[in-house]
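This report refers to the structure that appears directly beneath it.
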């Protein structure tokens, strides 16, 4: 007879633990992490110096909120201090959203496939996910708008979308926001905003100014290369920002992380040159994959999507044997992070071999 133990909430029973990449087998020889959309370059020397200096003070608690970073972001984005929220990565802010904004029975609309934090956020709050399949590889905003009911509490839009890299563009996004009721929260996830190098790229911060129900999320993990330090931020109007702060983990962003983010903001122009290079490599890699017969949608992020459907699992396994560790979505496709030029050359050579 098994001993009795405290039972978790029933709502958690069918929610899988997030595993970014299920292990298969150890690759023989070198292997390359192309499954987490990480920046291929380490922090700049100026950022590493600030990290080293902050490491001398790890015996001290950070502030309850990273106020110096909030001040810097407010100046950078030209928004009021009170409109900036922070968390340990944007996923930390999603946890705040679930606690502050969602109640059991609320409906939350989002695309499928999209950011894997969406269903976890919704279901752990006891809310009801309303998943709308992508159409032509991108958000079906018309169907998402039509799916709104009196029970709808929030809509999540990932722009550009993860894992496909596709985007709806500023015109369609404005059309959509104009049709969402004012009492429905719209979370605009712009984790890959800096890689969206097109005149049609939305600026969520500009959109939030005209829409009090919009929450824009961004991160220092991708373009700024601080994934290991976990710094995310958002911009929204009170009372949404106030409610999110009430649910934030006190001292959730450490001293090292705050100093690294501040140093990265100070070196923004230099870092964005790296982003430009990654975007150029992304386009070069896509052109090569197209030439080898792959279907590759235009990507506005730091990764490419191969909609291989039933062949996705076998493809990912085959590439893993060659040391290329990609992110497989069984039955849907494979997402490949853009690496540095040498890794991308290896990807192209491997693609040519089938």
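The values are calculated or read from the model by the stated rules, or taken from the named source; none is laboratory data. It should be emphasised that the depicted structure is a prediction, and the values quoted were computed from it without experimental measurement. Every residue, glycine among them, receives a Cβ derived from its backbone with ideal geometry; neighbour counts consider all protein chains shown.
Would a scan of the range 210-227 turn up a residue that is more than 18 Å from residue 36 (Cα to Cα), assigned by TED's automatic domain parsing to the domain that holds residue 346, part of a helix (DSSP H, G or I) and out of contact with any strand residue (DSSP E or B) (no Cβ under 7 Å at 6 or more places or on another chain)? Within the range 210-227 (the criterion being more than 18 Å from residue 36 (Cα to Cα), assigned by TED's automatic domain parsing to the domain that holds residue 346, part of a helix (DSSP H, G or I) and out of contact with any strand residue (DSSP E or B) (no Cβ under 7 Å at 6 or more places or on another chain)), the answer is no, since none of the residues qualifies.
Within the group 91, 64, which residue is in contact with a helix residue (DSSP H, G or I) (Cβ under 6 Å, 6 or more places away or on another chain), assigned by TED's automatic domain parsing to the domain that holds residue 149 and in contact (Cβ under 8 Å) with a residue 40 or more places away in the chain? Sole residue among the options that is in contact with a helix residue (DSSP H, G or I) (Cβ under 6 Å, 6 or more places away or on another chain), assigned by TED's automatic domain parsing to the domain that holds residue 149 and in contact (Cβ under 8 Å) with a residue 40 or more places away in the chain: 91. When 217, 185, 141 are checked against the criterion of being without any contact (Cβ under 8 Å) to a residue 60 or more places away in the chain and either within 30 Å of residue 12 (Cα to Cα) or surrounded by fewer than 18 Cβ atoms within 10 Å (Cβ to Cβ) (or both), a single residue qualifies: 141. No other residue among 176, 156 is under 24 Å from residue 224 (Cβ atoms) and either modelled with pLDDT of 95 or more or not assigned by TED's automatic domain parsing to the domain that holds residue 99 (or both) apart from 156. Inside the range 114-153, residues that are touching a strand residue (DSSP E or B) at 6+ places or on another chain (Cβ under 6 Å) and assigned to a loop (DSSP other than H, G, I, E, B) make up a count of 8.
Within the range 310-333, identify whether any single residue is under 22 Å from residue 200 (Cα atoms), within 20 Å of the chain's Cα centre (by Cα) and part of a loop (DSSP other than H, G, I, E, B), and answer yes or no. So far as the range 310-333 goes, no, none of its residues is under 22 Å from residue 200 (Cα atoms), within 20 Å of the chain's Cα centre (by Cα) and part of a loop (DSSP other than H, G, I, E, B). Filter the range 297-322 down to residues that are surrounded by fewer than 19 Cβ atoms within 10 Å (Cβ to Cβ) and touching a helix residue (DSSP H, G or I) at 6+ places or on another chain (Cβ under 8 Å) and give me whichever is farthest from residue 219 (Cα to Cα). Here the answer is 322. A Cβ distance below 6 Å, combined with a sequence gap of six or more or placement on separate chains, defines the contacts here; from the range 278-296, residues that are in contact (Cβ under 8 Å) with a residue 40 or more places away in the chain reach residues that are surrounded by fewer than 16 Cβ atoms within 10 Å (Cβ to Cβ) and outside any helix (DSSP H, G or I) in the pairs 279/197. Any residue at all in the range 28-38 that's more than 23 Å from the chain's Cα centre (by Cα) and crowded, with 20+ Cβ neighbours inside 10 Å? Within the range 28-38, none of the residues are more than 23 Å from the chain's Cα centre (by Cα) and crowded, with 20+ Cβ neighbours inside 10 Å. If we only count helices (runs of 4 or more DSSP H) wholly inside the range 1-110, which ones have 2 or more residues that are farther than 22 Å from residue 247 by Cα and modelled with pLDDT of 95 or more? In the range 1-110, 45-54, 67-77 are the helices (runs of 4 or more DSSP H) which contain 2 or more residues that are farther than 22 Å from residue 247 by Cα and modelled with pLDDT of 95 or more. The single residue among 206, 266 that is at negative phi and touching a residue at least 12 places away in the same chain (Cβ under 8 Å) turns out to be 266. For residue 293, the criteria (1) over 28 Å from residue 215 (Cβ atoms); (2) part of a helix (DSSP H, G or I); (3) at pLDDT 95 or above hold in every case but one, which is (2).
Residue count for the range 159-197 under the criterion of being touching a helix residue (DSSP H, G or I) at 6+ places or on another chain (Cβ under 8 Å) and either part of a strand (DSSP E or B) or under 22 Å from residue 35 (Cα atoms) (or both): the result is 12.
Among the residues examined, residue 54 qualifies as more than 22 Å from residue 216 (Cβ to Cβ) and buried (at least 20 other Cβ atoms within 10 Å of the Cβ).
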